[in-house]
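Here the structure comes first, spelled out in structure tokens, and everything after it is commentary.
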Amino acid sequence: MSYMHQTVILSREVIGVLIPAGTRVELPEGADATITQALGGSYTVEVQGHLFRIDGKDADALGFEPTGDIVLAADASEEEVTAAVRKQLETVYDPEIPINIVELGLVYDCRLEPAADEGWNLHVVMTLTAPGCGMGDVLVNDVKTKALQVPMVREADVELTFDPPWTQDMMSDAAKLQAGFL
């Protein structure tokens, strides 16, 4: 379902992250919020001329169902857990660019290591499209939060790097096509 440019009234107070500064702001119940992007379980909304990102767990404030749990067999293989982690990373979107971070080429490395107590520890190395992006901490937190939703992932370490710097050449062909570069 497309939510683009749908205006809703916030049903309760909710925390929004100001784009691109990354500042957390309490948005009041009853405020008009125009949805500009609804991808990966989070929403980008315009409230009083400013853009904010609202987490999927707070979708009820917009009148939608909050994001659900991930199902994975208790005896899932490393390959199955890796696939579930990758699927989760594909739900992390830059708040201004409607392309996920995997397709954008922002994820440089993603690997599982056995945890001390059954399960897996995840290590992700990623970058941003611009080093000065105020949303960097928000995206890193999204990656960590979404990875920890995968059953059997015990810890998630997300390292932010700018070496090598991101370029449009790192985008998948599908992302380049979607962005109008092909």
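The values are calculated or read from the model by the stated rules, or taken from the named source; none is laboratory data. The structure presented is a predicted model; accordingly, all values stated were derived computationally and were not measured. Glycine gets a Cβ as well: all are built from the backbone with ideal geometry, and neighbour counts include every protein chain shown. We work out accessible area using only protein heavy atoms, side chains counted, and drop any ligands, DNA or RNA first. Shrake-Rupley method; radii C 1.70, N 1.55, O 1.52, S 1.80 Å.
The table below gives the values:
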read-out: Within the range 145-163, tally of residues that are of a type outside the set (S, T, N, Q), free of Cβ contacts under 8 Å to residues at least 40 places away in the same chain and not in a strand (DSSP E or B); value: 3
read-out: Set A61, A83, A33, A73: member being free of Cβ contacts under 8 Å to residues at least 60 places away in the same chain, aliphatic (A, V, I, L, M) and part of a loop (DSSP other than H, G, I, E, B); value: A73
read-out: Qualifying residues in the range 143-182 (those that are of a type in the set (F, W, Y) and under 14 Å from L104 (Cβ atoms)) - the one nearest to the chain's Cα centre (by Cα); value: W166
read-out: Qualifying residue in the range 10-28 (condition: outside any loop (DSSP other than H, G, I, E, B), over 28 Å from A147 (Cα atoms) and at pLDDT 95 or above); value: no
read-out: Tally, over the range 36-58, of residues that are farther than 12 Å from V17 by Cβ, outside any loop (DSSP other than H, G, I, E, B) and of a type outside the set (V, I, T); value: 6
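Table: residues versus (1) closer than 20 Å to D142 by Cβ; (2) out of contact with any Ser or Thr (no Cβ under 9 Å at 6 or more places or on another chain).
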residue	(1), (2)
T7	no, no
V14	yes, yes
V25	yes, yes
G30	no, no
T34	no, no
V45	yes, no
Q48	no, yes
D60	yes, no
D69	yes, yes
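Residue-by-condition table, conditions (1) open to solvent by 20 Å² or more (accessible area, probe 1.4 Å); (2) assigned to a helix (DSSP H, G or I); (3) at pLDDT 95 or above; (4) among the aliphatic types (A, V, I, L, M):
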{"residue": "Q88", "(1), (2), (3), (4)": "yes, yes, no, no"}
{"residue": "P95", "(1), (2), (3), (4)": "no, no, no, no"}
{"residue": "P98", "(1), (2), (3), (4)": "yes, no, no, no"}
{"residue": "V102", "(1), (2), (3), (4)": "yes, yes, yes, yes"}
{"residue": "D109", "(1), (2), (3), (4)": "yes, no, yes, no"}
{"residue": "N121", "(1), (2), (3), (4)": "yes, no, yes, no"}
{"residue": "T129", "(1), (2), (3), (4)": "yes, no, no, no"}
{"residue": "G134", "(1), (2), (3), (4)": "yes, no, no, no"}
